[in-house]
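The values are calculated or read from the model by the stated rules, or taken from the named source; none is laboratory data. It should be emphasised that the depicted structure is a prediction, and the values quoted were computed from it without experimental measurement. Methodologically, a virtual Cβ is constructed for each residue, glycine included, from the backbone with ideal geometry; neighbour enumeration extends over all protein chains shown.
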Amino acid sequence: MMAWSSTIEAAGRDSDWSSILDRNLPRTETFATNLQPVVAHLRSGVSLTPEQGMVLWNHANLATVAVLADAAKHARFGADVFFNSNLHVNQTNICTLACRFCAFRRGPRAEDAYALDIQGYLDRIEPFADRIDEVHTVGGLHPEWDITHYEALFRAVKETYPQLHIKALTAVEIKHIAKLSTVSVIELLSRLKSAGLDSLPGGGAEILDDSVRDRICLGKETSQEYLSIHRDAHSIGLPTNCTMLFGTVETPEQRIAHLCSLRELQSETGGFQCFVPYPYLPDHSRLPDAQLASATEVLRMIAVSRLMLDNIPHIKAYRMNLGDPLAELALRHGADDIDGTVGHEEIMHEAGSQTPLDDDRVKLARQIIDAGGRPVQRNTIYTQFRRFEPDDDDRGGMRLPIAMMG
């Protein structure tokens, strides 16, 4: 395996990838008439309008949309597909909210409610510390854990495992902890960064439309609060991801508006590194009026996201949610990142995910190769890379535990 490097050769990296896309696309006139203005914008590097997003969404031939998205991905990254080695540690399932779509949340008196103390959290990391470079932590809104708890937690992780990147706390967790601690969001983020927090995940965006949020997650942060919290994080040098939960009660127009809201903030701050769209999993949660997304709808969402979000570099196929077969297909529909060697993930598995929890980089790399990609291991913030050859990892796979409560 190659040593870590701060750069990696790829088509479009550190170059004008829109000009590469212009050269690689078929002639504009070969596309359907209603797609030709979309293709012209893509060729010229001009952001697509919401109306053009809807043209892509409604276009009858998904394969054509996939061709455009795959060309945009290849213009930017060539055949490279990125992954990292990470461990999910969900610190508590106790939550003061009760979002309708959430199968993970428990009340404090529930039999299977849990809250990891700091040593318990460190114990979750210990078996895998030499094989991961990131610990990813999100959980419920614990009614008693204020800023001092999380400062102590992050300091303990950095003291014990200084090599690990801490990606933790969604926007609603940040809002909750700030309120509980009677500090501003910016003060909270600054203090947590000093304690060891390295970046924020993007969870909790759901759909950035308050009419939808009032139906599926009443009491969470508003659309503008989500954006504001990420803006604050970017302002102090904390990179973040962003997400979309689709297939609940939203319309395609609201999905496109969601993408435009993220793109607008990215134009202002440049702090989003990756967009993660994932469909609602209905098996064990409480949203009977959900529309649910078909496999083709998931792939279309990935493709449209790639084409609309021209200023957010990475689009992730979140295999914990999609499952391995659909995630592999997503790599041919514009996704350039596939969630890494995740272990002990609970939130998606409580909602019905059957995706294996493996720490098997060889298997993941071969999945990328099967999709026509070149596996590239990365760090959390896409600043260190190395090409990954499956035959180079002689340690093989390491089966991680299925998520357990307590």
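Look at (1) among the small types (Gly, Ala, Ser); (2) surrounded by fewer than 20 Cβ atoms within 10 Å (Cβ to Cβ); (3) not assigned by TED's automatic domain parsing to the domain that holds residue 332 and you find that residue 98 fails only one, number (3).
Any idea how many residues of the range 172-205 are assigned to a loop (DSSP other than H, G, I, E, B) and at negative phi? Step through it out loud before you land on a result.
Quick first cut of the range 172-205, residues assigned to a loop (DSSP other than H, G, I, E, B) only: 182-184, 196-198, 201-205.
So of that shortlist, the ones also at negative phi come out as 183-184, 197-198, 201-203, 205.
Counting residues in the range 172-205 that are assigned to a loop (DSSP other than H, G, I, E, B) and at negative phi gives 8.
For residue 219, the conditions (1) touching a strand residue (DSSP E or B) at 6+ places or on another chain (Cβ under 6 Å); (2) modelled with pLDDT under 95 all hold with the exception of (1). Restricting to the range 237-251, and then to whatever is on the phi < 0 side of the Ramachandran plot and in a loop (DSSP other than H, G, I, E, B), can you tell me which residue is surrounded by the most Cβ atoms within 10 Å (Cβ to Cβ)? Here the answer is 250.
Taking the range 80-107 as the range and being within 21 Å of the chain's Cα centre (by Cα), of a type in the set (Val, Ile, Thr) and assigned to a loop (DSSP other than H, G, I, E, B) as the test, only 89 passes. Entry remark, the range 25-43: residues being surrounded by fewer than 18 Cβ atoms within 10 Å (Cβ to Cβ) and under 28 Å from the mean Cα position of the chain (by Cα) number 2 in total. Of the numbered criteria (1) more than 16 Å from the chain's Cα centre (by Cα); (2) in contact (Cβ under 8 Å) with a residue 12 or more places away in the chain; (3) assigned to a helix (DSSP H, G or I), the one residue 303 fails is (1).
What do you reckon, is residue 56 surrounded by 11 or more Cβ atoms within 10 Å (Cβ to Cβ), modelled with pLDDT of 95 or more and not in a helix (DSSP H, G or I)? Give the derivation first.
Working: surrounded by 11 or more Cβ atoms within 10 Å (Cβ to Cβ): yes; modelled with pLDDT of 95 or more: yes; not in a helix (DSSP H, G or I): no.
No, not satisfied.
One residue alone among 141, 164, 188 is within 30 Å of residue 335 (Cα to Cα) and in the same structural domain as residue 235 (by TED's automatic domain parsing), and that residue is 164. Of the residues examined, residue 208 is not one that is surrounded by 18 or more Cβ atoms within 10 Å (Cβ to Cβ) and part of a helix (DSSP H, G or I).
Would you point out which residue out of 298, 276 is outside the structural domain of residue 53 (by TED's automatic domain parsing), at pLDDT 95 or above, in a strand (DSSP E or B) and closer than 27 Å to residue 104 by Cβ? If you could, list the steps in order and put the result at the bottom.
On the way: 298 fails: in a strand (DSSP E or B).
Exactly one residue qualifies, and that residue is 276.
Just to verify a result, which residue in the range 211-236, among those that are in a helix (DSSP H, G or I) and of a type in the set (Ser, Thr, Tyr), is surrounded by the fewest Cβ atoms within 10 Å (Cβ to Cβ)? Top of the filtered list is 211. Of all residues in the range 99-120, those satisfying the criterion of being touching a residue at least 24 places away in the same chain (Cβ under 8 Å) and within 19 Å of residue 218 (Cβ to Cβ) are 99, 100, 101, 102, 103, 104, 105, 106. I'd like to know if the range 252-270 contains one or more residues that are among the β-branched types (Val, Ile, Thr), surrounded by fewer than 21 Cβ atoms within 10 Å (Cβ to Cβ) and not in a helix (DSSP H, G or I). Checked against the condition, which is being among the β-branched types (Val, Ile, Thr), surrounded by fewer than 21 Cβ atoms within 10 Å (Cβ to Cβ) and not in a helix (DSSP H, G or I), the range 252-270 yields no hits at all.
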